[in-house]
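Let me begin by presenting the structure, written as structure tokens, before commenting on it.
The values are calculated or read from the model by the stated rules, or taken from the named source; none is laboratory data. Remember, it's a predicted structure, so these values are computed and weren't measured experimentally. Cβ placement follows ideal geometry from the backbone for every residue including glycine, while neighbour counts extend to all protein chains displayed. Side chains included, ligands, DNA and RNA excluded: accessible areas come from the protein's heavy atoms. Shrake-Rupley method; radii C 1.70, N 1.55, O 1.52, S 1.80 Å.
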Amino acid sequence: MSFEKRKRLYDLALKYNVLILEDNPYGELRYKGEDIPTIKSFDTEGLVVYAGSFSKIISPGMRVGWCVAPQEIVQKMTVCKQGADVHTNIWSQVLCHEFMTKYDFEGHLSFLRELYSKKAAYTVELLRANLSDKVKFTDIDGGLFIWCTLPDDVDMPAFCLNAVKNKVCVVPGTAFLTDENEISHDFRINFSTPTDEQLKRGIEILGELTKNL
């Protein structure tokens, strides 16, 4: 969201007295462009619950999330959490704390931004070279994924299934919809896990599939 949209959203929350859950697991992974202030940064009434995760900045298997919220909300979240799985793994929490307090955490984030910036640029280069012109994709300023859009007359689930049959994993856009009956012509690819060689081969395969649509 642009800063203007964030301000407008917060104004609406104030007007109607509703909470905003600002989920920002990729906020530390911006490679280019200007940082945009979080909604939480101008929250004066305690209406914003700000959440993040260590799974994107320490290790994918480190399933430890965190949030900043008014105490009365955190208390209710704690009760709900206890009802779901009793407690988050303590060892993982200790490891995250040690990592942040005893090592150069900011240096680690800088390393990640440099690494993923190169991988993102390489992936965009491969997509431009291989995908059919009929397929649109969004260049990114951060994060670990790229969003691609197929033509409206293409069966997206069938395309994703065909990709998997060719050993290329993409996530169908329907996985991100709140209404399963809605139609999506999109899919998402990840560039953080594969090696450069795997990215090249995988996007070449995707390119062939898009040219055979």
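Let me confirm something: among Arg113, Arg188, Arg201, which residue is basic (Lys, Arg) and free of Cβ contacts under 8 Å to residues at least 40 places away in the same chain?
Numbers: Arg113 fails: free of Cβ contacts under 8 Å to residues at least 40 places away in the same chain; Arg188 fails: free of Cβ contacts under 8 Å to residues at least 40 places away in the same chain.
One residue alone meets the criteria, Arg201.
Which one is nearest to Leu199 (Cα to Cα) among residues in segment 167-181 that are part of a loop (DSSP other than H, G, I, E, B) and under 21 Å from the mean Cα position of the chain (by Cα)?
At the first step, the residues of segment 167-181 found to be part of a loop (DSSP other than H, G, I, E, B) are 167-170, 177-181.
Subset that is under 21 Å from the mean Cα position of the chain (by Cα): 168-170, 177-180.
Numbers: Val168: 10, Cys169: 11, Val170: 12, Leu177: 27, Thr178: 30, Asp179: 31, Glu180: 30 Å.
It comes out as Val168.
Being within 19 Å of the chain's Cα centre (by Cα), within 15 Å of Met62 (Cβ to Cβ) and not β-branched (Val, Ile, Thr): is that true of Leu95 here? Lay out the reasoning, then the answer.
Numbers: within 19 Å of the chain's Cα centre (by Cα): no; within 15 Å of Met62 (Cβ to Cβ): yes; not β-branched (Val, Ile, Thr): yes.
So Leu95 fails the test.
Output the number of the condition that Val164 fails; it satisfies all remaining conditions of (1) over 25 Å from Tyr26 (Cα atoms); (2) at pLDDT 95 or above; (3) open to solvent by 40 Å² or more (accessible area, probe 1.4 Å); (4) not in a helix (DSSP H, G or I).
(4)
Looking at (1) in contact with a strand residue (DSSP E or B) (Cβ under 6 Å, 6 or more places away or on another chain); (2) open to solvent by less than 40 Å² (accessible area, probe 1.4 Å); (3) not hydroxyl-bearing (Ser, Thr, Tyr), which is the only condition Gly202 fails?
Every listed condition holds for Gly202 apart from (1).
Looking at (1) in contact with an Asp or Glu (Cβ under 9 Å, 6 or more places away or on another chain); (2) in a loop (DSSP other than H, G, I, E, B), which is the only condition Tyr50 fails?
(2) is the only condition that Tyr50 fails.
Answer yes or no as to whether Leu150 is farther than 30 Å from Leu112 by Cα, open to solvent by less than 20 Å² (accessible area, probe 1.4 Å) and over 19 Å from the mean Cα position of the chain (by Cα).
Details: farther than 30 Å from Leu112 by Cα: yes; open to solvent by less than 20 Å² (accessible area, probe 1.4 Å): yes; over 19 Å from the mean Cα position of the chain (by Cα): yes.
Yes, satisfied.
Inside segment 13-42, can you point out the residues that are part of a helix (DSSP H, G or I) and either among the basic types (Lys, Arg) or open to solvent by 60 Å² or more (accessible area, probe 1.4 Å) (or both)?
Step one: list which residues in segment 13-42 are part of a helix (DSSP H, G or I), which gives 13-16, 40-42.
Leu14, Lys15, Tyr16, Lys40, Ser41 - these are the residues of segment 13-42 that are part of a helix (DSSP H, G or I) and either among the basic types (Lys, Arg) or open to solvent by 60 Å² or more (accessible area, probe 1.4 Å) (or both).
Given the criteria surrounded by 15 or more Cβ atoms within 10 Å (Cβ to Cβ) and either more than 23 Å from the chain's Cα centre (by Cα) or in a helix (DSSP H, G or I) (or both), does Leu115 qualify?
Numbers: surrounded by 15 or more Cβ atoms within 10 Å (Cβ to Cβ): no; either more than 23 Å from the chain's Cα centre (by Cα) or in a helix (DSSP H, G or I) (or both): yes.
Spelling it out, it is not the case that Leu115 is surrounded by 15 or more Cβ atoms within 10 Å (Cβ to Cβ) and either more than 23 Å from the chain's Cα centre (by Cα) or in a helix (DSSP H, G or I) (or both).
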